[in-house]
């Protein structure tokens, strides 16, 4: 699947020219850039990490060259919020794809789908680890700005992480009931679902692309630390 170019230079420029007063625009810019970079990729954790790392690096690079960034930590908060907004849509794409497979009789305990559920459950930790790692490479100049942002992220959690955890809990609770309802009555459907399951990451990427035009930016509720 082709990977669309991530225009890091454009995002860097926005952070170079950003002010605290206009920081809300950064959130949407980061969300759009992150979502655009995810579209057309298979939504594996590896690819999502790569996108989040590139966005974090662009934010750091731009702020390092921003002479007016007195409140750099506030601008970085917007960068994190924008990435979280994009991941909310990625989480929803996973949820929709898994529900479609379950409805067709796929067993979510099957190897590929069991891994998909486990990966979804790791979204919050994955985001925190990726941003921390990328921020660590930003150098001493931005270390003081990143420290409180990372502290708040770790303490408060993310909206996408909370949504992912809720989706996993719901899917697991429905799994046995759905599987029993279709067992023995839809053998052909089960075979088709199995074939789809084996290419799950490509399927969920297609769901994300299909949803993108119809979806509107979801209201971001106060993030809570996802229960482990």
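The values are calculated or read from the model by the stated rules, or taken from the named source; none is laboratory data. Computed from a prediction, not measured in an experiment: that's the story for all the values here. Virtual Cβ from ideal backbone geometry, glycine too; neighbours counted across all protein chains shown.
State whether one or more residues within the stretch 131-141 are under 17 Å from the mean Cα position of the chain (by Cα), free of Cβ contacts under 8 Å to residues at least 40 places away in the same chain and within 23 Å of residue 12 (Cβ to Cβ).
The initial filter retains those residues of the stretch 131-141 that are under 17 Å from the mean Cα position of the chain (by Cα), namely 131-134.
Those left that are additionally free of Cβ contacts under 8 Å to residues at least 40 places away in the same chain: 132.
If we keep only those that are within 23 Å of residue 12 (Cβ to Cβ) as well, we get 132.
Yes, the stretch 131-141 contains at least one residue that is under 17 Å from the mean Cα position of the chain (by Cα), free of Cβ contacts under 8 Å to residues at least 40 places away in the same chain and within 23 Å of residue 12 (Cβ to Cβ).
Could you tell me whether the stretch 114-124 includes any residue that is out of contact with any helix residue (DSSP H, G or I) (no Cβ under 9 Å at 6 or more places or on another chain), more than 30 Å from residue 65 (Cα to Cα), surrounded by fewer than 17 Cβ atoms within 10 Å (Cβ to Cβ) and modelled with pLDDT of 75 or more?
First, pick out the residues of the stretch 114-124 that are out of contact with any helix residue (DSSP H, G or I) (no Cβ under 9 Å at 6 or more places or on another chain): 114.
Imposing the further condition that a residue be more than 30 Å from residue 65 (Cα to Cα) reduces the set to 114.
This time we only want the ones that are surrounded by fewer than 17 Cβ atoms within 10 Å (Cβ to Cβ), so: 114.
Among the residues that remain, those that are also modelled with pLDDT of 75 or more are: 114.
There is at least one residue in the stretch 114-124 that is out of contact with any helix residue (DSSP H, G or I) (no Cβ under 9 Å at 6 or more places or on another chain), more than 30 Å from residue 65 (Cα to Cα), surrounded by fewer than 17 Cβ atoms within 10 Å (Cβ to Cβ) and modelled with pLDDT of 75 or more.
Consider residue 98 carefully, then state whether it is surrounded by 13 or more Cβ atoms within 10 Å (Cβ to Cβ) and at pLDDT below 90.
Against the criterion (surrounded by 13 or more Cβ atoms within 10 Å (Cβ to Cβ) and at pLDDT below 90), residue 98 qualifies.
Condition test on residue 141, is it modelled with pLDDT under 90, within 30 Å of residue 61 (Cβ to Cβ) and in a helix (DSSP H, G or I)? Can you show your working first?
Details: modelled with pLDDT under 90: yes; within 30 Å of residue 61 (Cβ to Cβ): yes; in a helix (DSSP H, G or I): yes.
Yes, satisfied.
Can we say residue 87 is out of contact with any strand residue (DSSP E or B) (no Cβ under 8 Å at 6 or more places or on another chain), surrounded by 24 or more Cβ atoms within 10 Å (Cβ to Cβ), at pLDDT below 90 and assigned to a helix (DSSP H, G or I)? Lay out the reasoning, then the answer.
Values: out of contact with any strand residue (DSSP E or B) (no Cβ under 8 Å at 6 or more places or on another chain): yes; surrounded by 24 or more Cβ atoms within 10 Å (Cβ to Cβ): yes; at pLDDT below 90: no; assigned to a helix (DSSP H, G or I): yes.
Criteria not met by residue 87.
If I filter the stretch 27-52 down to residues being modelled with pLDDT under 90 and more than 19 Å from residue 164 (Cα to Cα), which single residue comes out as surrounded by the most Cβ atoms within 10 Å (Cβ to Cβ)?
Only one residue tops the list, namely 41.
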